[in-house]
Amino acid sequence: MDCASEDSSDNSQRPDSHKDQRVYFVPHRWWKDAQDSMPADSDKKKGIAYASFPGSSYAGPMKIINTIFNSDLVFSLRREEDLQHIRENGEVGVSGRDFALVSGDMWLKALKWHSDSKNVAKDDKGFSATDSDMADVYPLQLRLSVQRETNSFGVRISKKDNAVELFKRACKMFSVDSDMLCIWDYSGQITFFMSDKTQIPVDCQRQSDQEILLELQVYGLSDSIRCREGKKDEMANFSSSASLKMNGSFDSANSDCMHANSLTFSLGPGEAGSLGLTGLQNLGNTCFMNSSLQCLAHTPKLVDYFLEDYVSEINHENPLGMNGEIALAFGDLLRKLWAPGASPVAPRVFKSKLARFAPQFSGFNQHDSQELLAFLLDGLHEDLNRVKCKPYVEVKDGDGRPDEEVADEYWHNHLARNDSVIVDVCQGQYKSTLVCPICRKVSVTFDPFMYLSLPLPSTTMRTMTITVVSGSGDKMSPLSPYTISVPKNGRFEDLTRALSIACSLGTDETLLVAEVYNNCIIRFLEDPTDSLSLIRDADKLVAYRFLKNNADGPLVVFINQHLEEQFVYGKQTLNWKAFGIPVVARFCNVTNGSDLRNLYLKWFHPFQNPIEEALENCLMSKETEVAEMEVTTPSLGSNVNELDTPSDGGMEFYHTDEKGTIKNSKIPMNEPLAINGELKLLHVLVCWSEEQIKKYDTQLCSSLPEVFKSGFLAKRPQESVSLYKCLEAFLQEEPLGPEDMWYCPGCKKHRQASKKLDLWRLPEILVIHLKRFQYSRYLKNKLETCVDFPLDNLDLSAYISHGNGESYHYTLYAVSNHYGSMGGGHYTAFVHRGGDQWYDFDDSHVNPISKEKIKSSAAYVLFYRRNFEVST
């Protein structure tokens, strides 16, 4: 049995009778079959039996000990003279739990005998192990604790010393409690270490006063270590003695004495390439969590940090932290993900800690991966904040000082209260400029950021459909709907400006926009500073065109009504009902009821049926017939539901309220209008007869489009937009929303100021969040816009306001994806592993993916790392 030395032997070297001094661990039956066939005069060594019986009082139970960072298989073996006497000349155990320790020479002879039994005999001197034989040999590290007083020794097989696959195989070989375990030592090594006078050889490495690290060469018990299916052997040239850090960097110095809080692993050929390619089990709608965790678990420096001794930096005194529990849970999970040969990990402990400190993520509902990422980064920062006592820092405005001075002051104050690996790696700084629209007061601050939330260009602009009609009668045209794009957080003046351009408004014209509901105008939109957020997508807007020369004249609003049959409790009834778009006109040369009626009919002229229009032109040529149309009827009652119909088969006009619910006095056609000189707005109810309805195509003026119909535009193919365009939209000056009013120190009031952001200081790890999800009081929507983002060279040099000599070039290394709609969907992660090799992390499944598939409309959160080799 060889002790592990600093210069481990190369497992690929073929042993021979002269230089292979290693000890082999083989099935006892395999060895006995070869030994029994040897000549009688040959030197047959007798094996010393060491056994562990189930339930043995001296040995204790055979068990696996799990800690937060490691797993150990522990059991004891004692020399058994009786067992040796019984089995010395008898039948070898057949339970599969009998093993033999043989020297390299003995193993080679047994190997030759088994080879000869299948092939033509060869000369001993010319025999050597084949590649196939060596492929079935793998090393196993174990620790011995000698207990000479009981003639026994303890065995500890640690996951820390062995690759995960080897540790699993050891558990299968040794951890069966129902059968006796027996190891027959034919090499004499165990007896050598059991001797009281034994001194540890100089080439053996003592790990402590109680334990010695030993190495066995296991043969004939399982298949050799293979690379996992679909994974390439990226480190085929590495020897078994090479150690690999968890972040993928290599260390050729192999140390068997490991720090208690840092991890390195002895790796065989092919093991290095599979590190970190470990999935996370879905515990029930936890794909959002798995996606963010995989991206962070492949973030440079964070991986190195959590695989080293980070426990010493946990801040237990921070009231904003979580007593280090989130950091410990994340660190333990990351180590499991980076363990060699690890199988998919169930993140139950992390999920329970998350639910405890962030109840919004409790249960098994689907959540947002970016919201989880934001909480986790902030939680890790507070748990690992090196500042134990945060000083009070007074925030100061720029007050005209140079930006460089103010920015450094803000950053210094920030670091005085926040100092962690998250700040070191993930935090940057941007400049925020606010301008008051009234007094023009300018406020400049410099704020830290953990990630950039970039709006998609379609989210900064809002599409609105508005119907434009003529309100003057001078330019008659059918109703014309126009679809325009306005800033989402814009003002009403932005709407009128865009609409004026869309409808080719003349220089002598103006627009009056109104909101229509149930065929009545409920409000006019006249204040140019009103926020467009006050207009809902389901609203219906009408813009009336007027000439500017009579823009100050009083308005008259006509509300149209006609009789409609309705069935109430099985009975047919007639009721007045509003229809069509309210007619809005300016008083111009209107003195009596006839002028008012002509103004109204002139507006409806484009909707007149062709035959009726020709007949009317003929009739209107006779003034006497025009007079006959002005026949009055007895006064109607005050109730709008009274079914008095126009007696002449035409129209009747009444004074009414803004909703058209009452009939006041009837307006006579041949009498002057009784209008107050100070009147600015007159509401008139127009009752149509059935005969008059037939003369006009009222359907053309009865339907209004909504401001935004999501069902129509959702079906349009989405165009690709550049990530740089998203960044420009983020940095574009825009007014604050009404819910984000800024208190102006100049006006001493809250104002809807304009805001401008500029990048000032960029972090080493740049996280970019694409704002695909839209939330409002009335709507939840996901944008499927495909963002074209660089994979290899994101150049932000043109977007940084202050250059400090650092590189502003970044490389993409991870993507959090969301597939599906708002109500559900599924999250995955793409991770870059060098060269053109990418992997798709879909919960517990990890598979290679081509580079061409990384860009998609599912990309949600992008992770970039700085290229230090690029000069600015």
When Gly803 is evaluated against the numbered criteria (1) at pLDDT 90 or above; (2) more than 25 Å from Ser720 (Cβ to Cβ), which criterion, by number, is the only one it fails? (1)
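Taking the range 142-192 as the region of interest, how many residues are within 55 Å of the chain's Cα centre (by Cα) and of a type in the set (Phe, Trp, Tyr)?
Quick first cut of the range 142-192, residues within 55 Å of the chain's Cα centre (by Cα) only: 142-146, 153-183.
With the extra rule that they be of a type in the set (Phe, Trp, Tyr), the set shrinks to 153, 167, 174.
The number of residues fulfilling the criteria is 3.
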Residues of the range 796-848 that turn out to be assigned to a loop (DSSP other than H, G, I, E, B), within 24 Å of Trp338 (Cα to Cα) and open to solvent by less than 40 Å² (accessible area, probe 1.4 Å), as a count: 2
Would you check which residues across the range 395-429 are within 23 Å of Trp742 (Cβ to Cβ), buried (at least 19 other Cβ atoms within 10 Å of the Cβ), touching a helix residue (DSSP H, G or I) at 6+ places or on another chain (Cβ under 9 Å) and at pLDDT 90 or above and list them? Gln429
What are the residues in the range 509-528 that are open to solvent by less than 80 Å² (accessible area, probe 1.4 Å) and in contact (Cβ under 8 Å) with a residue 40 or more places away in the chain, if any? Thr510, Leu511, Leu512, Val513, Ala514, Val516, Asn519, Cys520, Ile521
Go through the range 568-586 and give me each residue that's over 24 Å from Asn518 (Cβ atoms) and buried (at least 16 other Cβ atoms within 10 Å of the Cβ). Arg586
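Please specify each residue of the range 748-800 satisfying the condition of being out of contact with any strand residue (DSSP E or B) (no Cβ under 9 Å at 6 or more places or on another chain) and either under 27 Å from Val423 (Cα atoms) or modelled with pLDDT of 90 or more (or both).
Step one: list which residues in the range 748-800 are out of contact with any strand residue (DSSP E or B) (no Cβ under 9 Å at 6 or more places or on another chain), which gives 748, 776-779, 784, 798.
Residue satisfying the conditions is Ala798 alone.
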What single numbered condition from (1) open to solvent by 60 Å² or more (accessible area, probe 1.4 Å); (2) polar (S, T, N, Q); (3) in contact with a Gly (Cβ under 6 Å, 6 or more places away or on another chain) fails to hold for Asn589? (3)
Mind checking which residues of the range 580-609 are over 19 Å from Cys520 (Cβ atoms), of a type outside the set (A, V, I, L, M, F, W, C) and not in a helix (DSSP H, G or I)? Arg586, Asn589, Thr591, Asn592, Gln608, Asn609
Taking only the range 376-394 into account, find how many residues are in contact with an Asp or Glu (Cβ under 7 Å, 6 or more places away or on another chain) and either charged (D, E, K, R) or open to solvent by 80 Å² or more (accessible area, probe 1.4 Å) (or both). 2
The correct count of residues that are touching a Gly at 6+ places or on another chain (Cβ under 8 Å) and surrounded by fewer than 23 Cβ atoms within 10 Å (Cβ to Cβ) in the range 323-336 is 0
All-but-one check, Asp697 against (1) at pLDDT 85 or above; (2) touching a helix residue (DSSP H, G or I) at 6+ places or on another chain (Cβ under 6 Å), failing number (1)
Checked the range 203-233 for anything modelled with pLDDT under 80 and either of a type in the set (Phe, Trp, Tyr) or not in a loop (DSSP other than H, G, I, E, B) (or both); matches are Arg206, Ile212, Leu213, Leu214
Return a yes/no flag: does the range 392-409 have any residue that is under 21 Å from Glu728 (Cβ atoms) and part of a strand (DSSP E or B). no
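The values are calculated or read from the model by the stated rules, or taken from the named source; none is laboratory data. Keep in mind that what you see is a predicted model, and the values were worked out from it rather than measured. Cβ: placed from backbone, ideal geometry, glycine included. Neighbour counts: every protein chain shown. Accessible surface areas use protein heavy atoms only, side chains included; no ligands, DNA or RNA. Shrake-Rupley method; radii C 1.70, N 1.55, O 1.52, S 1.80 Å.
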